[in-house]
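To keep things clear, I will list the structure first and then write my remarks on it.
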Amino acid sequence: MLRFVLYLLVAAVVLAIVGTGGALYAIYHFARGLPDYQQLAVYEPPTVTRVHAADGRLLAEYAVEKRVFVPLAAMPKRVVQAFLSAEDRYFFEHPGVNVLSIVRAGIQNLRGISENKRPVGGSTITQQVAKNFLLTNEVTIERKIKEAILAFRIEKALTKERILELYLNEIYLGFGSYGVAAAALNYFNRSLDELTLAETAFLAALPKAPTNYHPIRRALAAKARRDWVIEQMIEDGVITATAANAAKAEPLEVRQRSEAEIVRADYFTEEVRRSVLARFGDKQLYEGGLSVWTTLDPRLQAIATESFRNGLEIYDRRHGWRGPVTRIPLDRQWQTRLSEVEPPKAIGRWYLAAVLDLRDNGAELGFANGTRGFIPLAEMTWARPRLEGLKLGNRVQHPRDVLALGDVVMVEPVPGGGAGAFALRQIPDVGGALVALDPHTGRVLAMVGGYDYADSQFNRVTQAKRQPGSAFKPIVYLAALDNGFTPSSLVLDGPIVIDQGPGLGKWRPSNYSPEFYGPSTLRLGIEKSRNLMTIRLARFIGMDKVSDYAKRLGVVDEMPQLMSMALGASETTLLRLATAYGVMVNGGKRVQPTIIDRIQDRRGRTIYRHDERACAACQNVAWRGQAEPELPDQRQQVIEPQTAYQMVSMLEGVVHRGTGARIAREVPKALAGKTGTTNEFHDAWFIGFTPDLVVGIYVGYDQPKSLGSSESGSAVSVPIFIDFMRDALADAPNIPFRIPPGVRLVRVEAATGLPARPGDRSAILEAFRPGTEPSVENRVVLDGSDPRDGPALGPTRVGGSTGGLY
């Protein structure tokens, strides 16, 4: 008997040794080549990046997986407790593997063999993290062993809180939801802290098999599983029986996620995307969960889009009809054929219709859905045939002069025209752009880079380099004001011939109109956009100075020192020129245009900020009515404030008496600006501003060609500016332009610049530096002699013949 017991002990020891050895070998075998679990310490699940407008509204989302990352500390405790009760109630006690759960799962699997059921795993949350992040979903013993080994290792490397945070943000819960925050939105249209107990329990019921508990297709199973989770929460003592009974009584109702209000600003948003991509890279943009807070003002953006599109459409209609989208046979299948016509990408708010009949008073339309409409003759009289060189054909007398049966055309409902009344429309083939920015900070408030982003992604605000024409002239006048001239200084408006050098011939610049006006003030020169006066000024002060000012204001980086540059022959972008005008209105301080205020990472830490000024008094401060912290002004002073104001005052005259005079009549606010038109009417510009808003507009074809005779900045771009400012400033106070110290306002005659007499009704207030006020005795005229040769005729009073500077 004793010998038998001894044999049993020896056998047990041998079996224990063999078993231990086998287990150790199995661990060694399966542990070889396991993924590096250390990466989980720094792992961040791919999360959606959101781009916001200045008021917080959504502009765009960029993501590989639509996941919303929420730190564990920010999750409601009830959500965390629900998942622990459902998935791993001993999570904070076990070392990564729960042996009792594994044994219980093994027994359940043995019972399920005869019923051919899928095996269950009994995995802890740590094991699920190991599987989801480092292994595959195959159901094998080998994977379970690897999962257990990794779970032990993960528990040693990471805190329990970090493991739980990874799990709750990574797990797939159905409905395209990665992580609990995304699931709360997709199932119930709620944030985590808005979930009811019943809703929380349902989400906690999903990790095992989301498709098995689909709340619509498998509603009974889903509710049963939800109620089971509620029972587990009672057992764990995290909810009361009363709360549990109330939660079970709730029906399981899914609420469709409401579409987030997305602000449409496609050109701006794409500019932001490129900026973030360049700064942080592809992975951070599409997986980093960034919050990008931009400068865009949605109200101004909507006004800008509408004003600009309308302006291009009005211009386009002035130049006639280019024909229908296509033509279809008017047989029994016309509706089907019409529905198969692909709408133009830029159709926007318009509709496609087929012309079914032509009458004396209009055209009958048919739509693909079977409805009918009518275009009155009055809504198509603009559609004269467009001929070569933007010329127009005969006037429209009858609908057949424009349309034919079967034509597929674009139409727009006529406001107030009655049911079924439509206007004929066509998509403009001209391009252009509009930008609005804050002159004090450079923040871009609105950006329209073309007629429609769907048709062309080329952003003409930032990418199109065009000649600004006369819109460049204020740069020349700024240089003159800083070099001895005043707004009342006289320059000869008369013919001038410039020798361009060997082999280049003579250059004979001219004004827009053929007239010459003789000695005229600088103010009059800028108000009426006189080319000859500008050339004389630039020639006298030197193109080196003009080039320097253009560089200071950021119009160009390097400008050739050629006389034609004074009339805006050097190419620049709309954004750069509008920013330069911002320098004038802000008192001469250079600003950097920006589209992004700040960027935060997924944990809310600011990783980029445009305004880099430190402000210790701004941090963690409770607002109790105290004075705002004062921040240092670090903007570089590139123009003296007095010079900048003199230029602003002169540009104010442009909208009252000059090439933009209709602006003051239609928008009674403090406004200033300058028109610009390039040779042969290729581009039409207007850059205008208030004391706190700069708006730049240009219109032109992408492949440069004439806009048509007389299609100047005044005719094309000024109307867009008026429409924009009328709405943008509708409720704004009329704030005058700010006058800096060191400026003296003197009443002068608008035409001559001389001190005004009492009762002079044409008198204006002119800005001078003290000691530079004009008088009859000391007036001289710049006639355009080459300054290197000295005055041609010597000093002569105004009224005598004009020869040199006198």
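Looking at GLU270, GLU313, GLU253, which one is crowded, with 16+ Cβ neighbours inside 10 Å, within 27 Å of TYR178 (Cα to Cα) and of a type in the set (Asp, Glu)? Let's see the steps before the verdict.
Numbers: GLU313 fails: within 27 Å of TYR178 (Cα to Cα); GLU253 fails: crowded, with 16+ Cβ neighbours inside 10 Å.
GLU270 is the lone residue from the list that is crowded, with 16+ Cβ neighbours inside 10 Å, within 27 Å of TYR178 (Cα to Cα) and of a type in the set (Asp, Glu).
Considering each of LYS473, LYS465 in turn, give the residue that is buried (at least 24 other Cβ atoms within 10 Å of the Cβ), among the basic types (Lys, Arg) and touching a strand residue (DSSP E or B) at 6+ places or on another chain (Cβ under 8 Å).
On inspection, the qualifying residue turns out to be LYS473.
When GLU161 is tested against (1) surrounded by 15 or more Cβ atoms within 10 Å (Cβ to Cβ); (2) more than 17 Å from ALA247 (Cα to Cα); (3) out of contact with any Ser or Thr (no Cβ under 8 Å at 6 or more places or on another chain), only condition (1) is not met.
The requirement of being modelled with pLDDT of 95 or more and either open to solvent by 20 Å² or more (accessible area, probe 1.4 Å) or part of a helix (DSSP H, G or I) (or both) is not satisfied by ALA614.
So is ALA346 modelled with pLDDT of 95 or more and either within 38 Å of the chain's Cα centre (by Cα) or surrounded by 12 or more Cβ atoms within 10 Å (Cβ to Cβ) (or both) or not? Spelling it out, it is not the case that ALA346 is modelled with pLDDT of 95 or more and either within 38 Å of the chain's Cα centre (by Cα) or surrounded by 12 or more Cβ atoms within 10 Å (Cβ to Cβ) (or both). Among the residues of the stretch 178-197, the one identified as free of Cβ contacts under 8 Å to residues at least 60 places away in the same chain and acidic (Asp, Glu) is GLU194.
Which count do you get for residues in the stretch 668-687 that are buried (at least 23 other Cβ atoms within 10 Å of the Cβ), over 19 Å from PRO641 (Cα atoms) and not acidic (Asp, Glu)? Can you show your working first?
From the stretch 668-687, those buried (at least 23 other Cβ atoms within 10 Å of the Cβ) are 671-678, 683-687; that's our starting set.
Subsequent filtering for residues that are over 19 Å from PRO641 (Cα atoms) retains 674-678, 683-687.
Keeping just the survivors that are not acidic (Asp, Glu) gives 674-678, 684-687.
Count: 9.
Count of the stretch 578-609 residues, restricted to those that are touching a strand residue (DSSP E or B) at 6+ places or on another chain (Cβ under 8 Å), surrounded by fewer than 17 Cβ atoms within 10 Å (Cβ to Cβ), part of a loop (DSSP other than H, G, I, E, B) and among the basic types (Lys, Arg), is 0. For the stretch 359-370, taking the residues that are more than 37 Å from the chain's Cα centre (by Cα) and touching a residue at least 12 places away in the same chain (Cβ under 8 Å), the one that is most open to solvent (accessible area, probe 1.4 Å) is identified as ASP360.
Looking at LEU206, is it aliphatic (A, V, I, L, M), crowded, with 18+ Cβ neighbours inside 10 Å and free of Cβ contacts under 8 Å to residues at least 40 places away in the same chain?
Working: aliphatic (A, V, I, L, M): yes; crowded, with 18+ Cβ neighbours inside 10 Å: yes; free of Cβ contacts under 8 Å to residues at least 40 places away in the same chain: yes.
The answer is yes for LEU206.
If you go through the stretch 755-767 and keep only what is buried (at least 18 other Cβ atoms within 10 Å of the Cβ) and not in a strand (DSSP E or B), you end up with just ALA756. Selection over the stretch 424-452 of residues that are closer than 28 Å to VAL263 by Cβ and outside any loop (DSSP other than H, G, I, E, B) gives a count of 14.
Are any of the residues in the stretch 768-788 open to solvent by 70 Å² or more (accessible area, probe 1.4 Å) and at pLDDT 95 or above? No; the residues of the stretch 768-788 include none that is open to solvent by 70 Å² or more (accessible area, probe 1.4 Å) and at pLDDT 95 or above. Among the residues in the stretch 702-709, are any without any contact (Cβ under 8 Å) to a residue 60 or more places away in the chain and over 41 Å from the mean Cα position of the chain (by Cα)? Scanning the stretch 702-709, I find no residue that is without any contact (Cβ under 8 Å) to a residue 60 or more places away in the chain and over 41 Å from the mean Cα position of the chain (by Cα), so the answer is no.
Can you name every residue in the stretch 476-497 that is assigned to a loop (DSSP other than H, G, I, E, B), open to solvent by 10 Å² or more (accessible area, probe 1.4 Å) and not charged (D, E, K, R)? Lay out the reasoning, then the answer.
Our first condition is that a residue be assigned to a loop (DSSP other than H, G, I, E, B); within the stretch 476-497, this holds for 482-489, 494-497.
Filter once more, keeping what is open to solvent by 10 Å² or more (accessible area, probe 1.4 Å): 482-486, 489, 495-497.
Selection gives ASN483, GLY484, PHE485, THR486, SER489, PRO495, ILE496, VAL497.
Against the test of being touching a Lys or Arg at 6+ places or on another chain (Cβ under 9 Å) and either free of Cβ contacts under 8 Å to residues at least 40 places away in the same chain or within 26 Å of VAL276 (Cα to Cα) (or both), the options THR594, THR659 yield a single qualifying residue, THR594.
Report yes if GLN634 is open to solvent by 10 Å² or more (accessible area, probe 1.4 Å) and either farther than 22 Å from SER762 by Cβ or assigned to a helix (DSSP H, G or I) (or both), otherwise no. Please lay out each step first, then the result.
On the way: open to solvent by 10 Å² or more (accessible area, probe 1.4 Å): yes; either farther than 22 Å from SER762 by Cβ or assigned to a helix (DSSP H, G or I) (or both): yes.
It is true that GLN634 is open to solvent by 10 Å² or more (accessible area, probe 1.4 Å) and either farther than 22 Å from SER762 by Cβ or assigned to a helix (DSSP H, G or I) (or both).
The values are calculated or read from the model by the stated rules, or taken from the named source; none is laboratory data. Keep in mind it's a predicted model, so treat the numbers as computed, not measured. For neighbour counting, all protein chains shown are included, and Cβ atoms are generated from backbone atoms with ideal geometry for every residue, glycine included. What goes into the accessible areas is simple: the full protein's heavy atoms, side chains included, and nothing from ligands, DNA or RNA. Shrake-Rupley method; radii C 1.70, N 1.55, O 1.52, S 1.80 Å.
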